1. Please give the peptides 153-164, 30-41 ranked by average Cβ packing (other Cβ atoms within 10 Å per residue), highest first, as a rough proxy for protection.
2. Provide the FRET efficiency to the nearest 0.05 for the residue 52-residue 245 pair, computing r from the beta carbons and using R0 = 25 Å.
3. I'd like the antiparallel share, as a percent to the nearest 5, of DSSP beta bridges with both residues in the chain.
4. Based on DSSP H runs of at least 4 residues, each adding -39500 (n - 2.57), what is the mean residue ellipticity at 222 nm of the chain after dividing by all its residues, to the nearest 500 deg cm²/dmol?
5. Taking the Cα atoms only, what angle lies between the long axis of helix 47-58 and the longest principal axis of the chain, rounded to 10 degrees?
6. Quick check: residue separation of residue 109 and residue 226 times 0.36 nm, minus the Cα distance between them. What number comes out in nm?
7. Counting only protein heavy atoms and using a 1.4 Å probe, what share of the accessible area of the chain belongs to carbon plus sulfur, as a whole percent?
8. Shape of region 182-295 from its Cα gyration tensor (a ≥ b ≥ c, root eigenvalues): rounded if a/c is under 1.5, otherwise prolate when a/b > b/c, or oblate?
Amino acid sequence: MNYKYKILTDFSVDITPEFAAENDIGFIPMSYTIGDEEFNCDHVETEEERRRFYKAQREGVLTHTAQSSIQSCIDTFEKYASQGMDILSFSLSSGLSGSYSSACLAASEVMEDNPGVKIVVIDSLSATGGLGLLLELAAKNRADGMSIDENADWLNANKLRIMHWFMVDDLMFLQRGGRLSVASALLGTAFSIKPILKIEADGTLTNFIKKRSTKQAMAEIIRLYDESSYKNDGEIVYVIHADAIECAEYLKAEVLKLNPAAQIRTVQLSPVIGAHTGPGMCAVVNFSKPEFARG
């Protein structure tokens, strides 16, 4: 397809390979480590590659991730700008990472070197399937004929309607990432507490509900989806999991009970976000009614 502008995203996104290929989505590389081994995330990873990551976490191997570097953004932008293509680029929430700042600095430099090329960087205020859903909306807007500026304006006006409902299985991963104190993590683990998290209007992650079991936590996630969603025909819902397919299948089935016409995207969580949540994480992501928008 000969689109008038390129859509890019960093690798905090979770989308299906089929969607990426069909909509000509480009990627800004990010890196992560498993123990002492570094991996450059420059493609939509296979299920096997992602299972390897969570297997290592379960075995106690330390994992880390890094934000998009300014140079990786420059290199990616330049690839398309040198062809005279305008770029609409999405970054992981500025409340979670410095990737947005890197992309903005890179965009300024590349536009200076390529007069006439426009690069618009979107702070998604989202992550994982939320960023995936935002990309789907952006691709639809582009296909419907929206200009790059019209698309960016629409996305910025509506991105806080992307709702993320997360459940984590191992509190110690949140503790290592600074989301919980050691005492809270140990106490929660001892009592099998399953926190539910959401992304706030400023793009930060908040632990806002605590449940005593996985079953109760998943039921709460479904309640939150039910309350906030339109549940209209063809609604796109992302079900994300970190090597927890049984939980994902349960959440998918429950969403379909509430909206049989929903289009469910079941995707395994990328290592870039999984490094901070650990294995067993599950999430439902949906586009909310206006009154349920974050903020």
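The values are calculated or read from the model by the stated rules, or taken from the named source; none is laboratory data. Fair warning: this is a prediction, and the values are worked out from it, not measured in the lab. Backbone-built Cβ (ideal geometry, glycine too); neighbour counts: all protein chains shown. We work out accessible area using only protein heavy atoms, side chains counted, and drop any ligands, DNA or RNA first. Shrake-Rupley method; radii C 1.70, N 1.55, O 1.52, S 1.80 Å.
1. Result, highest mean first: 153-164, 30-41.
2. Efficiency at R0 = 25 Å is approximately 0.95.
3. Rounded to the nearest five, the antiparallel share is 55 percent.
4. Computed ellipticity for the chain at 222 nm equals -12500 deg cm²/dmol.
5. 50
6. Length gained, residue 109 through residue 226: 37.7 nm.
7. Its accessible area is 51 percent carbon and sulfur atoms.
8. Prolate shape, in that a/c is at least 1.5 and a/b is the bigger ratio.
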